[in-house]
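The values are calculated or read from the model by the stated rules, or taken from the named source; none is laboratory data. Note that the coordinates shown come from a computational prediction; the quantities given were computed from them, not determined experimentally. Counting neighbours? That spans all protein chains shown, and the Cβs are built from the backbone with ideal geometry, glycine included. Quick note on the areas: whole protein, heavy atoms, side chains included, nothing else; ligands and nucleic acids left out. Shrake-Rupley method; radii C 1.70, N 1.55, O 1.52, S 1.80 Å.
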Amino acid sequence: IEGKPGATMRSGGPYDGWWNGGIRNTATFHNTIAVLTEMVGSPSPIRIPLVPQRQIPSGDLAMPVAPQIWHFRQSVEYSVSLNRGVLDYASRMRENLLYNIYRMGKNSIERGSRDTWTANPRRDAAILARLRPSSEVSAKSVSDSVVWAAQHDASLRDARGYIIPADQPDFPTAVKFVNSLRETGIDVKRATREFSVNGKSYPASSFVVMTAQAFRPHVVDMFEPQSHPDVFPYPGSPPTPPYDNAGWTLAFQMGVKFDRVLDEFTGPFESITAWNVAPPQGRVIGATDAAGFVTDIRANDSHIAFNRLSAANVPVFRTTSSTAVERSTITAGSFYVRADSKTTALLTTIASELGINFHGVRSSPPGLVPLQRARVGLWDQYGGSMPAGWTRWILEQFEYPFERVFAPQLDAGNLNAKFDVIVFVSGAIPAPGGRRGGARAAAGAEMPPNLPPEYRTQSGRVTTDTTLPILREFVERGGTIVAIGSSASNLISAFNLPVTDHLVENGASLPRTKFYVPGSVLSVHLDTTRSLAAGMASSTDFFFDDSPVFQLAAGADKAGVKPIAWFDSATPLRSGWAWGAKHLEGGVVALEVPLGRGRVVLFGPEILQRAQPHGTFKLLFNALERR
């Protein structure tokens with residue numbers, strides 16, 4: 001009617017149902033019609049070229065657009081028309097829409113109240129391979145009913161609910177996970193006293209999330225692994241990549257401990273009505289005659305405590321062995337402070353606000369290591385960098401002081417006078433010709449015309465000839481570089497470190513026909529005796545997105561290279577898609593490389609991905625210390 005051609009739908013766009021990044025699925029999983037639209041155009045006029053095959057009307061492009069000069073006003077007008085169309089449809093179909101929203105919610109409550117099974121292509125394939133391992137084992141010898149029964153075994157039922165115990169090592173982070181559920185309208189209950197389910201006892205303040213609720217699909221999406229199918233256009237072809245991530249299970253990424261309960265259960269539960277839940281108040285325990293206090297580093301928020309204590313000029317130490325306290329043991333690598341009246345009062349305030357405990361000990365633990373807050377620089381670029389932006393947010397939330405540093409400041413040199421640690425996120429360090437791990441051209445462009453004076457010190461890019469020799473000098477003089485993702489793999493070549501690419505075959509990178517892992521959650525083994533892994537579990541879920549995987553080269557051991565985390569299994573997939581995952585086994589994903597008087601810390605996976613994987617934040621935090 002309005003003569004606005006060019007709209008495409010379905011396969012006309014690259015989006016798929018696995019894309020959670022635009023919050024489209026979140027709306028869908030809340031019984032809402034989710035509409036994703038994007039419009040061509042920018043503030044400057046652009047040319048719509050002639051694409052002959054796009055001039056033929058189809059089910060995906062019913063009304064082609066003619067080649068023309070396209071102005072931003074047209075984009076705005078198209079958007080206005082779409083919005084009016086949605087409002088018109090909603091007003092005319094309001095009774096149907098409102099009833100269907102009600103019906104979807106009711107269906108979800110009913111599903112959560114009875115036994116259900118969610119189809120899982122990978123699990124079903126394994127069942128078929130077990131029951132019918134060859135063509136000789138046909139449907140005649142193993143009937144469909146037998147296969148159906150195996151697919152619907154009682155142990156494979158969907159959960160009726162999830163219990164998040166209050167006695168897990170990092171309960172404040174579990175509270176943050178619960179708040180993410182509350183912020184999306186999920187009903188969460190809290191135990192008013194100790195209770196038992198299936199013979200297991202849980203303490204008071206544990207959280208319970210039942211699946212018999214209107215937004216059940218979102219609950220499942222946050223707790224259960226995603227199982228992305230193997231998508232290949234034809235046999236032997238490379239896989240068709242998802243638009244965004246293939247797996248994102250938030251409970252896994254945040255390192256939250258929980259139990260799936262398959263049968264209906266009840267307990268002394270009260271519904272939480274608050275929008276945001278505060279963790280139970282922490283305490284200072286055993287202050288009388290205490291020589292000092294220790295707090296468990298397994299809680300992420302212990303790093304906030306470290307920063308607050310350091311800001312108050314309270315000396316902080318790390319323990320080098322586990323410390324026995326009342327009825328428990330505090331893991332090695334935890335924070336220790338000496339007792340005095342000022343410190344005890346400050347600890348009381350911190351414990352109350354953060355929900356972590358400080359335990360008094362009668363004597364100082366042996367082998368204490370003094371700590372100081374490092375002077376931290378975070379690489380950034382004019383116009384912004386999404387990974388750098390998320391890193392800024394994380395550092396701010398955990399109260400780490402830092403300074404953004406741009407290419408011109410790096411090129412000016414004398415970095416050791418300003419920084420102890422410089423962090424380079426993925427995309428910061430230029431590739432020496434392209435490597436696995438999503439390498440892209442480094443940061444920034446030449447100075448745009450008419451750039452305001454206050455931004456001119458941000459313009460420019462990290463270069464191989466100028467910047468990287470200065471960065472190497474920074475490390476050799478005692479500095480620490482933390483490099484993540486593509487920046488990690490690119491620094492290996494730039495600094496000629498004794499580390500190689502693990503994902504190779506016959507000297508060449510593995511092709512996608514043999515190995516492909518888009519954004520997914522994988523299980524990784526850590527050497528928790530290393531200071532960089534202090535406070536982490538020996539098996540931790542990492543977010544992996546076609547990330548670099550390393551292998552120690554000849555001479556690495558002699559050079560003092562310390563592997564921190566590696567794949568110890570040929571089947572590390574926890575959520576998402578991992579084609580050819582067997583090639584990951586033995587590959588290193590986190591390591592520390594001495595260089596001169598300093599060190600280079602390399603993390604292949606995206607340990608800070610969109611500020612979601614709280615379970616791997618400690619790898620960065622542990623690197624931001626000056627000893």
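Structural remarks
- At full extension, Thr184 and Asp411 could sit 77.2 nm farther apart than now, given 0.36 nm per residue minus the alpha carbon distance.
- Convex hull (Cα only) mean projected area of region 222-296, reported in nm² to one decimal: 11.7 nm²
- FRET efficiency, Gln551 to Tyr102 (Cβ-Cβ, R0 41 Å, nearest 0.05): 0.15
- Kirkwood hydrodynamic radius over Cα pairs of region 90-205, then Stokes diffusion coefficient at 37 °C and 0.692 mPa s, in µm²/s: 175 µm²/s
- Counted residue by residue at 0.36 nm each, then reduced by the alpha carbon distance between them, the extension gain from Tyr455 to Thr329 reaches 40.3 nm.
- Separation of the Ala126 and Ser91 label points, Cα + 7 Å toward Cβ, nm: 5.4 nm
- The chain: equivalent-ellipsoid semi-axes (sqrt of 5 x gyration tensor eigenvalues, Cα, Å): 41, 36, 27
- Region 1-78: C-alpha pair distances exceeding 18 Å, %: 54 percent
- When peptides 460-470, 172-182 are sorted by average Cβ neighbour count within 10 Å, with the highest value leading, the order is 172-182, 460-470.
- Share of carbon and sulfur in the accessible heavy-atom surface of region 580-627 [1.4 Å probe, %]: 41 percent
- Taking the helices alone, the chain has a mean residue ellipticity at 222 nm of -7500 deg cm²/dmol, built from -39,500 (n - 2.57) per DSSP H run of at least 4 residues and averaged over all its residues.
- Placing unit charges on the Cβ atoms only, positive for Lys and Arg and negative for Asp and Glu, gives the chain a dipole magnitude near 280 debye about its Cα centre.
- Placing +1 on the Cβ of every Lys and Arg and -1 on the Cβ of every Asp and Glu, with nothing else charged, gives region 129-210 a dipole about its Cα centre of roughly 100 debye.
- Among the lysines of the chain, pairs that are 8 or more positions apart or on different chains and have alpha carbons within less than 17 Å of each other number 7.
- Distance between modelled label sites at Thr288 and Ala119, nm, 7 Å Cα→Cβ extension: 6.6 nm
- FRET efficiency for Asn83 and Lys257, using Cβ-Cβ distance with R0 set to 25 Å, rounded to 0.05: 0.05
- Share of carbon and sulfur in the accessible heavy-atom surface of region 21-174 [1.4 Å probe, %]: 60 percent
- Region 310-394: trypsin sites (Lys or Arg not before Pro) falling in loop per DSSP and having at most 10 other Cβ within 10 Å: Arg327, Arg362
- Taking a point 7 Å from the Cα of Thr32 along the Cα-to-Cβ direction, the residues of region 184-204 with backbone N closer than 16 Å to it are 184-187.
- q = 0.11, 0.21 Å⁻¹: log10 I(q)/I(0) that the Debye formula gives for region 324-399, counting C-alpha atoms only: -0.48, -1.10
- Region 156-294: Rg to Rh, with Rh as the Kirkwood radius over Cα pairs: 1.10
- Sparse packing (at most 16 other Cβ atoms within 10 Å of the Cβ) combined with a DSSP loop state is found for none of the chymotrypsin sites (Phe, Trp or Tyr not before Pro) in region 525-620.
- Projection of the Cα convex hull of region 442-561, averaged over all directions and equal to a quarter of that hull's surface, yields 11.5 nm².
- Accessible solvent surface per residue of region 560-627, calculated while the other protein chains remain in place, 1.4 angstrom probe, Å²: 30 Å²
- Magnitude of the charge dipole, region 1-103, Cβ model with Lys/Arg +1 and Asp/Glu -1, debye to 20: 60 debye
- Leu368 versus Lys342: modelled label distance in nm, points set 7 Å from Cα along the beta carbon direction: 1.6 nm
- Region 101-239, relative contact order [Cα under 8 Å, separation at least 6], %: 32 percent
- Full-stretch length increase - Gln68, Ser141 - with 0.36 nm per residue and alpha-carbon distance subtracted: 19.8 nm
- P(r) tail fraction, region 376-530 - alpha-carbon pairs more than 21 Å apart, %: 51 percent
- Rotationally averaged projected area of region 519-627 (alpha carbon convex hull; nm²): 7.1 nm²
- Rounded Å value of the spacing that divides the Cα centres of region 1-66 and region 127-205: 37 Å
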